[in-house]
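What follows is calculated from the coordinates using simple rules that are stated; it is not laboratory data. Here the structure is a predicted model, which is why all the values come from computation and not from measurement. Every residue, glycine as well, gets a Cβ built from its backbone with ideal geometry; the counts of neighbours run over all protein chains shown.
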Amino acid sequence: MSPRQRDYFRHKLLQWRDALLDEAQETLEQLRDDSHRDVGDEIDRASREASQALDLRTRDRYRKLVRKIDAALARIDNGSYGYCEETGEPIGLARLEARPIATLSVDAQARQELRERQTNRYQ
């Protein structure tokens, strides 16, 4: 991968990370807002609680995704970004464009998913 391509993906990952952190902060601020707590009937409260639970699950997914982004940035720094962890072969640029945190090539990912499906079938 050329230095220009690494810089491109670093910038893309940093922007994605910043957007996720901003959204997570917004979610926290909304959850801390007490102005709407005691308004409405039981149905309104139940709806609000369901929405908050969804927001918390989304925030947890963002937290995990930020960790993956940080790992991808570390791989850029150590020169291993863009190479399949299983085979050592380059991951295609189209795959990295679609999923910049990818650690497996398309073929390796397909094999892993097949193994997971087979394992889950027998459990």
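To the nearest 10 degrees, how steeply does helix 106-121 sit against the main Cα axis of the chain, on a 0 to 90 scale?
The two axes meet at around 60 degrees.
For the chain, modelled as a Gaussian network with Cα springs under 10 Å, which listed residue fluctuates most, GLU49, GLU85, GLU26?
For the chain, modelled as a Gaussian network with Cα springs under 10 Å, the answer is GLU49.
Given (i) 139; (ii) 106; (iii) 117, which label gives volume of the Cα convex hull per residue in Å³ as computed from the coordinates?
Computing volume of the Cα convex hull per residue in Å³ and matching it to (i) 139; (ii) 106; (iii) 117 gives (i).
Name the most mobile residue of SER105, SER51, SER80, meaning the one with the largest mean-square fluctuation, in a Gaussian network model of the chain with Cα contacts below 10 Å.
Of SER105, SER51, SER80, the most mobile in the Gaussian network model is SER51.
Considering the chain as a Gaussian network with a 10 Å cut-off on Cα pairs, which listed residue, LEU13, LEU56, LEU104, attains the greatest mean-square fluctuation?
Sorting by GNM fluctuation, first place goes to LEU56.
Treat every Asp and Glu Cβ in region 24-101 as -1 and every Lys and Arg Cβ as +1, leave all other atoms uncharged, and give the resulting dipole magnitude about the Cα centre to the nearest 20 debye.
On the way: 14 positive and 17 negative charges, 69 e Å.
That gives a dipole near 340 debye.
Using Cα pairs under 8 angstrom and six or more residues apart, how large is the relative contact order of the chain, in percent? Walk me through the intermediate numbers first.
Details: 68 pairs, mean separation 28.2, N = 123.
Reported as a whole number, the value is 23 percent.
Which far-off residues, 5 or more places away or on another chain, put their amide H under 5 Å from the one on TYR83, with H placed in the peptide plane?
Placed amide hydrogens put ILE91 under 5 Å from TYR83.
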